[in-house]
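Below is one structure, written out as structure tokens; the observations come after it.
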Amino acid sequence: MEIRVLRYFLEVAREESITHAAVRLHISQPTLSKQLKDLEEELGQKLFVRTNYSIRLTDAGMLLRKRAEDVLNMTDKITEEFRALDADEGGDVHVGCAESDGMRCLARCLRDVQARHPRIRCHLHSGNTEDIAGRLDAGILDFAVIVQDVDLSKYNYLELPHVDTWGVIMRKDSPLARQEAVRMEDLLALPLICSRQGMKADYPKFFREKVDALHVVATFNLVYNATVLVREGLGYALSFDRLADSGEDSELCFRPLVPALTTKMYVVWKKYQIFSAAARRLLDALQRRYGDMP
């Protein structure tokens, strides 16, 4: 299986059209069709269902799309790293990030690195811990900034000097907005918009045995779209502080939970990982700033 053919496959999957994909790839339609047919024969699976107007992926095709994306991401990362060997103090670093105001801890280290090595570029990949841990394990990311307890069997880590506070994002015209904080009892009958990661790792600590009785109307992994739902009156979003605009001109406000529910932040990397020069410089900056923390 050739990398080139995987790129062809992904382009067809994105375009849902061999004709359009062939134009974007600058190859003829018959050549592209033959490459796809050969790929199906090599794998022994039908990858596309063809109609008069478009094509769509079969279950096997959807599986290959996910695997092909991982393979090509890794291939591109390897290419970047080897090009950087000849670069003048440059290179690329890939970091997976949780949504948190604590990302400023990483930003300070990136600022330190780029002050010394301005040709280094950092590529941020936002998502919840499950999303970015999968990319880290696959070798696509160099580091991950997570807001969840660390699996010490898999990762080395640094604890960052930041703690996130959980609370409720709500409309300012909500009756709860008159309160300085929100108790568990206030939320049990309300429509809630919940972080999927929080439902697994954090909410049970706050709601205890009542967590399964919550009235969940929507879930999210990144908070911006959750705030849109809140603005439109769908419900109340459980999230970290400082992620939603709650200024004077905003329709929204944030109220912390009581008793307080907090989450620590860590930067993690795979054990026995071999870093590129650029990634090593970022790690050195992180260790200089935060390596002596208890």
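The values are calculated or read from the model by the stated rules, or taken from the named source; none is laboratory data. As the structure is a prediction and not an experimental result, all values here were calculated from the model. Positions of Cβ are generated from backbone atoms using ideal geometry, with glycine treated the same way; all protein chains shown enter the neighbour counts.
Here Met184, Met265, Met199 are screened, and the one residue that is under 20 Å from Asp164 (Cα atoms) and more than 25 Å from the chain's Cα centre (by Cα) is Met184.
Take the residues in segment 144-182 that are in a loop (DSSP other than H, G, I, E, B) and either outside the structural domain of Gly247 (by TED's automatic domain parsing) or β-branched (Val, Ile, Thr) (or both), then tell me which one is surrounded by the fewest Cβ atoms within 10 Å (Cβ to Cβ).
Filtering segment 144-182 for residues in a loop (DSSP other than H, G, I, E, B) gives 147-154, 172-174, 179-181.
Keeping just the survivors that are either outside the structural domain of Gly247 (by TED's automatic domain parsing) or β-branched (Val, Ile, Thr) (or both) gives 147-154.
Working: Val147: 25, Gln148: 20, Asp149: 11, Val150: 16, Asp151: 11, Leu152: 10, Ser153: 6, Lys154: 14.
Among them, the one singled out is Ser153.
Whenever a residue of segment 246-257 is in the same structural domain as Arg178 (by TED's automatic domain parsing), its partners that are part of a loop (DSSP other than H, G, I, E, B) and not charged (D, E, K, R), lying with C-beta atoms within less than 6 angstrom and at least six residues away or across chains, give the pairs Leu252/Ala244; Leu252/Ser246; Cys253/Ser246; Phe254/Ser246; Arg255/Ala181; Pro256/Ala181. Residues that are touching a strand residue (DSSP E or B) at 6+ places or on another chain (Cβ under 8 Å), surrounded by 13 or more Cβ atoms within 10 Å (Cβ to Cβ), basic (Lys, Arg) and more than 20 Å from Val150 (Cβ to Cβ) are absent from segment 265-276. Please tell me if Met74 is under 30 Å from Ala144 (Cβ atoms), assigned to a loop (DSSP other than H, G, I, E, B) and among the aliphatic types (A, V, I, L, M). So Met74 does not fit the description; no. Please find, within segment 115-143, the residue that is surrounded by the fewest Cβ atoms within 10 Å (Cβ to Cβ) out of those that are over 9 Å from the mean Cα position of the chain (by Cα) and part of a loop (DSSP other than H, G, I, E, B). In this case the residue turns out to be Pro118. Of the numbered conditions (1) farther than 30 Å from Arg289 by Cβ; (2) touching a residue at least 60 places away in the same chain (Cβ under 8 Å), His162 fails exactly one; give the number of that condition. Checking His162 against (1) farther than 30 Å from Arg289 by Cβ; (2) touching a residue at least 60 places away in the same chain (Cβ under 8 Å), the one that fails is (1). Would you confirm, using the coordinates I've provided, whether Leu141 is closer than 18 Å to Gln197 by Cβ, in contact with a Lys or Arg (Cβ under 6 Å, 6 or more places away or on another chain), modelled with pLDDT under 95 and not acidic (Asp, Glu)? Answer is yes for this residue.
When you check Gly61 against the structure, is it assigned to a helix (DSSP H, G or I), touching a Phe, Trp or Tyr at 6+ places or on another chain (Cβ under 9 Å), of a type outside the set (Ser, Thr, Tyr) and surrounded by 15 or more Cβ atoms within 10 Å (Cβ to Cβ), yes or no? For Gly61, the condition - assigned to a helix (DSSP H, G or I), touching a Phe, Trp or Tyr at 6+ places or on another chain (Cβ under 9 Å), of a type outside the set (Ser, Thr, Tyr) and surrounded by 15 or more Cβ atoms within 10 Å (Cβ to Cβ) - is met.
For beta carbons closer than 8 Å, sequence separation of 6+ or different chains, a first residue in segment 191-205 that is closer than 23 Å to Val228 by Cα and a second that is among the polar types (S, T, N, Q) and assigned to a helix (DSSP H, G or I), the qualifying pairs are Gln197/Thr129. Apart from one condition, Asp284 fits all of (1) under 30 Å from Gln179 (Cα atoms); (2) out of contact with any helix residue (DSSP H, G or I) (no Cβ under 6 Å at 6 or more places or on another chain); the exception is (1).
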